[in-house]
Amino acid sequence: MNDFWKQIDTYAKQWVREAGAMIKDSFSKELLIQTKSNPNDLVTNMDQEVEQFFISKIKGTFPNHRILGEEGYGEKIETTEGVIWVIDPIDGTMNFVHQQRNFAISVGIFENGVGQAGFIYDVVHDELYYALKGHGAYMNDIKLPKLEPVSIEEAVISLNATWVTENKRIDPSVLSPLVRRVRGTRSYGSAAIELAYVAAGRLDAYITMRLAPWDFAAGKVLIEEVGGVVTDLKGEPLQILNRSSLFVGKPGLHENILSTYLSGN
């Protein structure tokens, strides 16, 4: 690991934990809640304040780096050149508002379109998942082992029930047989949490029909560092500046589900 990425790693961990402390402090205060694209797409003053916190820190330390943030305080980015920080200040805002748990801070750092570092912080459980390309993935100070293949019948996959019952992007009848075949399904309401759980082996796969770059940037780095596979539902690579469907899974399992259930859709 060169000194440049060591520096980024140190700062990113520090800022993520500081942002987490800001969020925890807000639990006893009144939130200002707004909706974005629809009544279920929530944004709070904490989402906005945390993103602005990151932008201030990043620009003050790495003025040439660019920032893509969910709440729009970053920049309009049209090329992948240079270093780009992709930030979701609170992934799982509905959970944050209603439960004060099952949400995370997600920070992915890309250089010339390639994921180099990922940080997902489960604030309430104080679990920081992080990875630097080529140096493995960790949960706090515990190195995560490489993912081992698992059969479809033994797999626990994360999948929102909406995609099985009502879906314009893929015929629900495609996913219903998969749901019946696997050992179990889960849905946590936070893409960052679900991606971190795949990296940690708590889930075997995660399928969703649409995510933005800030939802998957950090998780992509984590999962690839432990040997997992990250694609869209057609098996194509993700583009860091584009919204996309997402299918991540353990080696072998990803290929089996893709070829058996998703190919041709």
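Rule-based calculations on the coordinates, nothing more; no lab input. Nothing here was measured: the structure is a model prediction, and the numbers come from that model. As a convention, Cβ positions derive from the backbone with ideal geometry for all residues, glycine included, and neighbour counts pool all protein chains shown.
The table below gives the values:
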read-out: Modelled FRET efficiency - R0 45 Å, ASP141 with THR79, Cβ distances, 0.05 increments; value: 0.80
read-out: Residue exposure sequence - MET1, MET46, MET139, MET94 - by fewest surrounding Cβ within 10 Å; value: MET1, MET94, MET139, MET46
read-out: Residue order, fewest to most surrounding Cβ atoms within 10 angstrom, among SER263, SER106, SER26, SER244; value: SER263, SER26, SER244, SER106
read-out: Evaluated at q = 0.13, 0.18, 0.20 Å⁻¹: base-10 log I(q)/I(0), Debye formula over Cα of the stretch 61-118; value: -0.39, -0.65, -0.75
read-out: Cα-only Debye scattering, the stretch 67-215: base-10 log of I(q)/I(0) at q = 0.09, 0.14, 0.19 Å⁻¹; value: -0.32, -0.78, -1.26
read-out: Evaluated over the stretch 152-262, the Cα radius of gyration and Dmax, each in Å; value: 12.5, 35
read-out: Exposure proxy order (Cβ contacts within 10 Å, fewest to most) of LYS220, LYS133, LYS13; value: LYS13, LYS133, LYS220
read-out: Charged-residue dipole, Cβ positions (Lys, Arg, Asp, Glu), the stretch 109-265 about Cα centre, Debye nearest 20; value: 360 debye
read-out: Cα gyration tensor shape for the stretch 99-157, rounded if a/c is under 1.5, else prolate or oblate; value: oblate
read-out: Electrostatic dipole magnitude of the stretch 3-143 [Cβ: Lys, Arg +1; Asp, Glu -1; Cα centre; debye, to 20]; value: 220 debye
read-out: Cβ-based charge dipole, the chain, positive-most Cα from GLY72, VAL86, ALA196; value: ALA196
read-out: Fraction of beta bridges assigned by DSSP in the chain that are antiparallel (%, nearest 5); value: 80 percent
read-out: Calculated diffusion of the chain, Stokes-Einstein form, Kirkwood radius summed over Cα pairs, 10 °C and 1.306 mPa s, µm²/s; value: 85 µm²/s
read-out: 5 angstrom amide H check on SER245, placed H, neighbours 5+ away; value: LEU211, LEU233
read-out: Descending semi-axes in Å of the stretch 3-143, equivalent ellipsoid built from Cα gyration tensor; value: 25, 18, 13
read-out: Candidates VAL86, VAL114, VAL248: whichever shows maximal mean-square fluctuation once the chain is modelled as a Gaussian network with Cα springs under 10 Å; value: VAL114
read-out: Sites ARG101 and ASN64, calculated FRET efficiency, Cβ-Cβ separation with R0 30 Å, nearest 0.05; value: 0.25
